[in-house]
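Inspection log for the structure reproduced underneath, given as C-alpha coordinates.
The values are calculated or read from the model by the stated rules, or taken from the named source; none is laboratory data. Here the structure is a predicted model, which is why all the values come from computation and not from measurement. Neighbour counts run over all protein chains shown; Cβ positions are idealised from the backbone, glycine included. SASA here: full protein model, heavy atoms, side chains in, ligands and nucleic acids out. Shrake-Rupley method; radii C 1.70, N 1.55, O 1.52, S 1.80 Å.
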Amino acid sequence: MRDDLPVWRSLMFVPVTAEKFVRTGADRGADAIILDLEDAVAPDAKPEARTRAVDAAAAGGFGRRELVIRCNGLDTPWGAEDLAAAAAAGPDAILVPKISGAADIARYAAAVKAAPARTALWAMIETPAAVMALSEIATASAAHRTTCWVIGLNDLAKAMGGRQTPDRAPHLAILSLCVAAARATGLAILDSVFNGIDDLASLELQCRQAADIGFDGKSLIHPGQIETANRMFSPDPVEVAWSRAVISAFAQPENRMRGALQVEGRLAERLHLEQAERLVEMSDAIESLAQPAA
(Lines give C-alpha, C1' and ligand atoms only; values in the text may rest on other atoms or scores of the structure.)
Protein backbone atom coordinates (compact mmCIF):
# COMPACT_ATOMS: atom_id res chain seq x y z
CA MET A 1 0.00 0.00 0.00
CA ARG A 2 1.09 3.59 -0.64
CA ASP A 3 2.04 5.61 2.43
CA ASP A 4 1.98 9.00 0.66
CA LEU A 5 -1.68 9.16 -0.37
CA PRO A 6 -2.95 12.69 0.33
CA VAL A 7 -5.64 12.96 2.98
CA TRP A 8 -7.66 16.16 2.59
CA ARG A 9 -10.93 15.48 4.39
CA SER A 10 -10.77 18.82 6.21
CA LEU A 11 -9.00 21.95 4.97
CA MET A 12 -9.27 24.85 7.40
CA PHE A 13 -8.87 28.42 6.24
CA VAL A 14 -7.02 30.45 8.87
CA PRO A 15 -6.58 34.25 8.82
CA VAL A 16 -2.84 34.33 9.33
CA THR A 17 -3.05 37.62 11.24
CA ALA A 18 -5.02 35.82 13.97
CA GLU A 19 -1.97 34.13 15.48
CA LYS A 20 -3.83 32.06 18.08
CA PHE A 21 -5.79 30.31 15.33
CA VAL A 22 -2.83 29.33 13.18
CA ARG A 23 -2.06 26.22 15.25
CA THR A 24 -5.63 25.53 16.33
CA GLY A 25 -6.61 23.70 13.16
CA ALA A 26 -3.75 21.23 13.39
CA ASP A 27 -4.33 20.78 17.11
CA ARG A 28 -8.01 20.02 16.45
CA GLY A 29 -7.21 17.50 13.71
CA ALA A 30 -7.59 19.32 10.39
CA ASP A 31 -5.87 17.43 7.58
CA ALA A 32 -4.49 20.66 6.13
CA ILE A 33 -4.21 24.29 7.15
CA ILE A 34 -4.64 27.12 4.65
CA LEU A 35 -2.95 30.32 5.77
CA ASP A 36 -5.15 32.88 4.07
CA LEU A 37 -3.66 36.08 2.68
CA GLU A 38 -6.70 36.88 0.54
CA ASP A 39 -10.31 37.17 1.74
CA ALA A 40 -9.60 36.97 5.47
CA VAL A 41 -7.06 39.83 5.53
CA ALA A 42 -7.84 43.55 5.28
CA PRO A 43 -5.91 45.52 2.63
CA ASP A 44 -3.76 47.42 5.13
CA ALA A 45 -2.76 44.16 6.84
CA LYS A 46 -1.64 42.34 3.68
CA PRO A 47 2.14 42.92 4.05
CA GLU A 48 2.11 41.81 7.69
CA ALA A 49 0.07 38.75 6.81
CA ARG A 50 2.57 37.78 4.11
CA THR A 51 5.43 37.95 6.62
CA ARG A 52 3.50 35.92 9.18
CA ALA A 53 2.70 33.21 6.64
CA VAL A 54 6.35 32.89 5.66
CA ASP A 55 7.37 32.74 9.33
CA ALA A 56 4.76 30.05 10.06
CA ALA A 57 5.97 27.95 7.13
CA ALA A 58 9.57 28.29 8.32
CA ALA A 59 8.66 27.41 11.90
CA GLY A 60 6.88 24.22 10.90
CA GLY A 61 5.33 22.23 13.69
CA PHE A 62 2.32 21.03 11.71
CA GLY A 63 3.35 17.38 11.90
CA ARG A 64 2.02 15.22 9.09
CA ARG A 65 -0.63 17.77 8.20
CA GLU A 66 -0.15 19.86 5.10
CA LEU A 67 0.40 23.60 5.07
CA VAL A 68 -1.06 25.67 2.25
CA ILE A 69 -0.71 29.41 1.63
CA ARG A 70 -3.52 31.13 -0.26
CA CYS A 71 -2.18 34.17 -2.06
CA ASN A 72 -3.88 37.21 -3.49
CA GLY A 73 -4.42 37.21 -7.22
CA LEU A 74 -1.96 38.54 -9.74
CA ASP A 75 -4.52 41.20 -10.63
CA THR A 76 -4.17 42.77 -7.16
CA PRO A 77 -1.41 45.00 -5.73
CA TRP A 78 -0.26 42.17 -3.44
CA GLY A 79 -0.38 39.08 -5.65
CA ALA A 80 3.09 39.12 -7.19
CA GLU A 81 4.82 39.64 -3.83
CA ASP A 82 2.61 37.04 -2.15
CA LEU A 83 3.48 34.44 -4.77
CA ALA A 84 7.21 35.19 -4.65
CA ALA A 85 7.23 34.97 -0.85
CA ALA A 86 5.18 31.77 -0.80
CA ALA A 87 7.43 30.17 -3.40
CA ALA A 88 10.48 30.99 -1.30
CA ALA A 89 8.81 29.64 1.85
CA GLY A 90 8.09 26.30 0.15
CA PRO A 91 4.83 25.16 1.80
CA ASP A 92 3.14 21.95 0.72
CA ALA A 93 0.96 23.93 -1.68
CA ILE A 94 0.22 27.44 -2.90
CA LEU A 95 -3.47 28.15 -3.48
CA VAL A 96 -4.35 30.78 -6.08
CA PRO A 97 -7.75 32.47 -6.44
CA LYS A 98 -10.33 33.16 -9.12
CA ILE A 99 -8.98 31.10 -12.00
CA SER A 100 -10.88 31.98 -15.17
CA GLY A 101 -9.06 30.03 -17.87
CA ALA A 102 -6.12 27.86 -18.84
CA ALA A 103 -3.88 30.90 -19.30
CA ASP A 104 -4.32 31.78 -15.61
CA ILE A 105 -2.93 28.40 -14.56
CA ALA A 106 0.14 28.92 -16.75
CA ARG A 107 0.68 32.45 -15.36
CA TYR A 108 0.50 31.31 -11.76
CA ALA A 109 2.76 28.33 -12.42
CA ALA A 110 5.33 30.71 -13.89
CA ALA A 111 5.00 32.99 -10.86
CA VAL A 112 5.87 30.15 -8.44
CA LYS A 113 8.45 28.37 -10.60
CA ALA A 114 11.12 29.05 -7.95
CA ALA A 115 9.21 27.00 -5.38
CA PRO A 116 10.62 23.59 -4.42
CA ALA A 117 9.44 20.72 -6.58
CA ARG A 118 7.42 19.33 -3.68
CA THR A 119 5.31 22.53 -3.52
CA ALA A 120 2.16 21.99 -5.53
CA LEU A 121 -0.09 24.60 -7.10
CA TRP A 122 -3.75 24.54 -6.08
CA ALA A 123 -6.45 26.54 -7.85
CA MET A 124 -9.74 28.09 -6.71
CA ILE A 125 -12.64 27.44 -9.07
CA GLU A 126 -15.00 30.30 -8.22
CA THR A 127 -15.90 32.27 -11.34
CA PRO A 128 -18.51 31.75 -14.07
CA ALA A 129 -15.70 31.92 -16.63
CA ALA A 130 -13.97 28.99 -14.93
CA VAL A 131 -17.16 26.93 -15.05
CA MET A 132 -17.38 27.53 -18.78
CA ALA A 133 -13.73 26.46 -19.27
CA LEU A 134 -13.40 23.51 -16.90
CA SER A 135 -11.96 21.12 -19.47
CA GLU A 136 -9.28 23.56 -20.63
CA ILE A 137 -8.38 24.49 -17.05
CA ALA A 138 -8.11 20.80 -16.11
CA THR A 139 -5.75 20.12 -19.01
CA ALA A 140 -3.61 23.14 -18.10
CA SER A 141 -3.63 22.12 -14.44
CA ALA A 142 -2.24 18.69 -15.25
CA ALA A 143 0.53 20.31 -17.29
CA HIS A 144 1.50 22.98 -14.72
CA ARG A 145 2.20 21.38 -11.31
CA THR A 146 -1.43 21.80 -10.21
CA THR A 147 -2.72 18.87 -8.15
CA CYS A 148 -5.91 20.12 -6.55
CA TRP A 149 -8.92 22.39 -7.13
CA VAL A 150 -10.88 24.08 -4.34
CA ILE A 151 -14.43 25.23 -5.04
CA GLY A 152 -15.33 28.78 -3.98
CA LEU A 153 -19.12 28.71 -4.02
CA ASN A 154 -19.54 32.02 -2.17
CA ASP A 155 -17.79 33.96 -4.91
CA LEU A 156 -19.36 31.90 -7.67
CA ALA A 157 -22.92 32.39 -6.39
CA LYS A 158 -22.29 36.12 -6.01
CA ALA A 159 -20.93 36.41 -9.54
CA MET A 160 -23.87 34.44 -10.93
CA GLY A 161 -26.36 36.67 -9.13
CA GLY A 162 -28.06 33.70 -7.49
CA ARG A 163 -28.71 32.40 -4.01
CA GLN A 164 -27.15 29.59 -2.02
CA THR A 165 -29.76 27.26 -0.56
CA PRO A 166 -29.17 24.66 2.18
CA ASP A 167 -29.50 21.81 -0.32
CA ARG A 168 -27.37 23.66 -2.92
CA ALA A 169 -29.85 22.67 -5.63
CA PRO A 170 -29.06 25.74 -7.77
CA HIS A 171 -25.40 24.69 -7.98
CA LEU A 172 -25.45 20.89 -7.95
CA ALA A 173 -24.92 20.63 -11.70
CA ILE A 174 -21.86 22.89 -11.49
CA LEU A 175 -20.42 20.99 -8.53
CA SER A 176 -20.80 17.68 -10.37
CA LEU A 177 -19.21 19.08 -13.53
CA CYS A 178 -16.26 20.38 -11.52
CA VAL A 179 -15.68 16.93 -10.03
CA ALA A 180 -15.94 15.27 -13.44
CA ALA A 181 -13.47 17.73 -14.99
CA ALA A 182 -11.00 17.28 -12.14
CA ARG A 183 -11.16 13.49 -12.32
CA ALA A 184 -10.67 13.52 -16.09
CA THR A 185 -7.10 14.69 -15.53
CA GLY A 186 -6.40 13.06 -12.17
CA LEU A 187 -6.83 16.11 -9.95
CA ALA A 188 -8.03 16.11 -6.37
CA ILE A 189 -10.97 18.40 -5.66
CA LEU A 190 -12.27 19.91 -2.42
CA ASP A 191 -15.72 21.26 -1.69
CA SER A 192 -16.54 24.85 -0.79
CA VAL A 193 -16.86 26.17 2.76
CA PHE A 194 -20.10 25.95 4.74
CA ASN A 195 -21.05 29.31 6.21
CA GLY A 196 -23.14 28.11 9.16
CA ILE A 197 -20.57 27.86 11.94
CA ASP A 198 -23.00 26.56 14.58
CA ASP A 199 -25.20 24.44 12.30
CA LEU A 200 -23.35 21.13 12.42
CA ALA A 201 -26.39 19.13 11.33
CA SER A 202 -26.56 21.03 8.03
CA LEU A 203 -22.79 20.78 7.69
CA GLU A 204 -23.05 17.01 8.01
CA LEU A 205 -25.70 16.87 5.29
CA GLN A 206 -23.58 19.04 3.00
CA CYS A 207 -20.50 16.88 3.62
CA ARG A 208 -22.50 13.76 2.81
CA GLN A 209 -23.74 15.39 -0.39
CA ALA A 210 -20.20 16.39 -1.37
CA ALA A 211 -18.83 12.92 -0.65
CA ASP A 212 -21.65 11.38 -2.71
CA ILE A 213 -20.75 13.64 -5.65
CA GLY A 214 -17.10 12.59 -5.36
CA PHE A 215 -15.27 15.40 -3.56
CA ASP A 216 -12.18 14.41 -1.58
CA GLY A 217 -12.93 16.69 1.34
CA LYS A 218 -14.26 20.06 2.42
CA SER A 219 -12.76 23.45 3.12
CA LEU A 220 -13.76 24.87 6.50
CA ILE A 221 -13.89 28.19 8.32
CA HIS A 222 -14.00 27.13 11.98
CA PRO A 223 -12.26 24.48 14.12
CA GLY A 224 -15.65 23.30 15.34
CA GLN A 225 -16.37 21.97 11.84
CA ILE A 226 -13.31 19.71 11.64
CA GLU A 227 -14.67 16.62 13.40
CA THR A 228 -17.76 16.53 11.20
CA ALA A 229 -15.80 16.82 7.96
CA ASN A 230 -13.25 14.21 9.04
CA ARG A 231 -15.98 11.78 9.98
CA MET A 232 -18.07 12.28 6.86
CA PHE A 233 -15.15 11.95 4.44
CA SER A 234 -13.59 8.94 6.18
CA PRO A 235 -14.27 5.47 4.74
CA ASP A 236 -17.01 3.50 6.47
CA PRO A 237 -15.33 0.78 8.61
CA VAL A 238 -17.82 -1.80 7.30
CA GLU A 239 -16.93 -0.92 3.70
CA VAL A 240 -13.21 -1.03 4.54
CA ALA A 241 -13.61 -4.53 5.97
CA TRP A 242 -15.51 -5.68 2.86
CA SER A 243 -12.89 -4.04 0.63
CA ARG A 244 -10.14 -5.98 2.36
CA ALA A 245 -12.12 -9.16 1.77
CA VAL A 246 -12.49 -8.29 -1.93
CA ILE A 247 -8.75 -7.67 -2.28
CA SER A 248 -7.98 -10.93 -0.52
CA ALA A 249 -10.46 -12.89 -2.68
CA PHE A 250 -9.07 -11.62 -5.99
CA ALA A 251 -5.53 -12.32 -4.77
CA GLN A 252 -6.23 -16.03 -4.45
CA PRO A 253 -4.44 -17.98 -7.24
CA GLU A 254 -7.66 -19.55 -8.49
CA ASN A 255 -9.31 -16.12 -8.85
CA ARG A 256 -6.55 -14.10 -10.49
CA MET A 257 -8.07 -14.40 -13.97
CA ARG A 258 -11.71 -14.11 -12.95
CA GLY A 259 -13.71 -10.98 -13.76
CA ALA A 260 -16.30 -11.32 -11.01
CA LEU A 261 -16.64 -13.06 -7.65
CA GLN A 262 -19.13 -13.39 -4.85
CA VAL A 263 -17.62 -11.95 -1.67
CA GLU A 264 -19.61 -12.18 1.55
CA GLY A 265 -22.86 -12.36 -0.38
CA ARG A 266 -22.14 -9.41 -2.68
CA LEU A 267 -21.04 -9.29 -6.30
CA ALA A 268 -17.48 -8.01 -6.73
CA GLU A 269 -16.22 -7.21 -10.22
CA ARG A 270 -12.78 -6.00 -11.25
CA LEU A 271 -14.00 -2.41 -11.07
CA HIS A 272 -14.96 -3.07 -7.44
CA LEU A 273 -11.44 -4.37 -6.82
CA GLU A 274 -10.01 -1.01 -7.94
CA GLN A 275 -12.44 0.81 -5.70
CA ALA A 276 -11.61 -1.50 -2.81
CA GLU A 277 -7.89 -0.89 -3.20
CA ARG A 278 -8.46 2.87 -3.21
CA LEU A 279 -10.68 2.69 -0.12
CA VAL A 280 -8.15 0.63 1.83
CA GLU A 281 -5.33 2.95 0.78
CA MET A 282 -7.31 5.91 2.08
CA SER A 283 -8.13 4.15 5.35
CA ASP A 284 -4.46 3.30 5.88
CA ALA A 285 -3.41 6.88 5.02
CA ILE A 286 -5.87 8.31 7.56
CA GLU A 287 -4.55 5.95 10.21
CA SER A 288 -1.00 6.99 9.36
CA LEU A 289 -1.94 10.66 9.63
CA ALA A 290 -3.14 10.11 13.18
CA GLN A 291 0.27 8.75 14.22
CA PRO A 292 2.92 11.12 15.63
CA ALA A 293 5.43 12.35 13.06
CA ALA A 294 8.80 10.60 13.25
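For a quick check, take a GNM of the chain with Cα springs below 10 Å and name the residue from Lys218, Lys46, Lys158 with the largest mean-square fluctuation.
Lys158
Among the aspartates and glutamates, select those whose C-alpha is under 12 Å from the C-alpha of Lys158, and discard any that sit fewer than 8 residues away in the same chain.
In chain and number order, the partners are Glu126.
Just report the Cα centroid separation between the stretch 45-103 and the stretch 133-186, whole Å.
After rounding, the separation between the Cα centres reads 21 Å.
Could you list which residues have their amide H under 5 Å from that of Phe194, counting only those 5 or more apart in sequence or on another chain, with H placed in the peptide plane?
Ile221
Work out the length of the dipole vector of the chain about its Cα centre, built from +1 on the beta-carbon of each Lys and Arg and -1 on the beta-carbon of each Asp and Glu, and round it to the nearest 20 debye.
About 380 debye.
Which angle between 0 and 90 degrees, to the nearest 10, do you get for helix 46-59 versus the longest principal axis of the chain when only C-alpha atoms count?
With both axes taken from Cα atoms, the answer is about 50 degrees.
Cut-off 16 Å, label point 7 angstrom out along Cα-to-Cβ of Arg208: give me the residues of the stretch 153-176 whose amide nitrogen falls inside.
166-169
Once Lys and Arg get +1 and Asp and Glu get -1 on their Cβ, which of Ile247, Met232, His171 lies farthest toward the positive end of the dipole of the chain?
Value: Ile247.
What is the packing order of peptides 101-108, 34-41, taking the mean over residues of other C-beta atoms within 10 Å and listing the highest first?
Working: 101-108: 18.8, 34-41: 23.8.
Per-residue mean Cβ counts within 10 Å order the peptides as 34-41, 101-108.
Could you work out the helix-only [θ] at 222 nm for the chain, with each DSSP H run of four or more residues adding -39,500 (n - 2.57) and the total divided by the number of residues, to the nearest 500 deg cm²/dmol? Intermediate results must be reported in sequence, preceding the final value.
Working: 13 runs with 135 residues, N = 294.
Mean residue ellipticity at 222 nm (helix-derived): -13500 deg cm²/dmol.
Carbon and sulfur atoms: what percent of the 1.4 Å accessible area of the stretch 218-288 do they account for?
52 percent
Over the chain, average the accessible area per residue using a 1.4 Å probe and give it in Å², no decimals.
47 Å²
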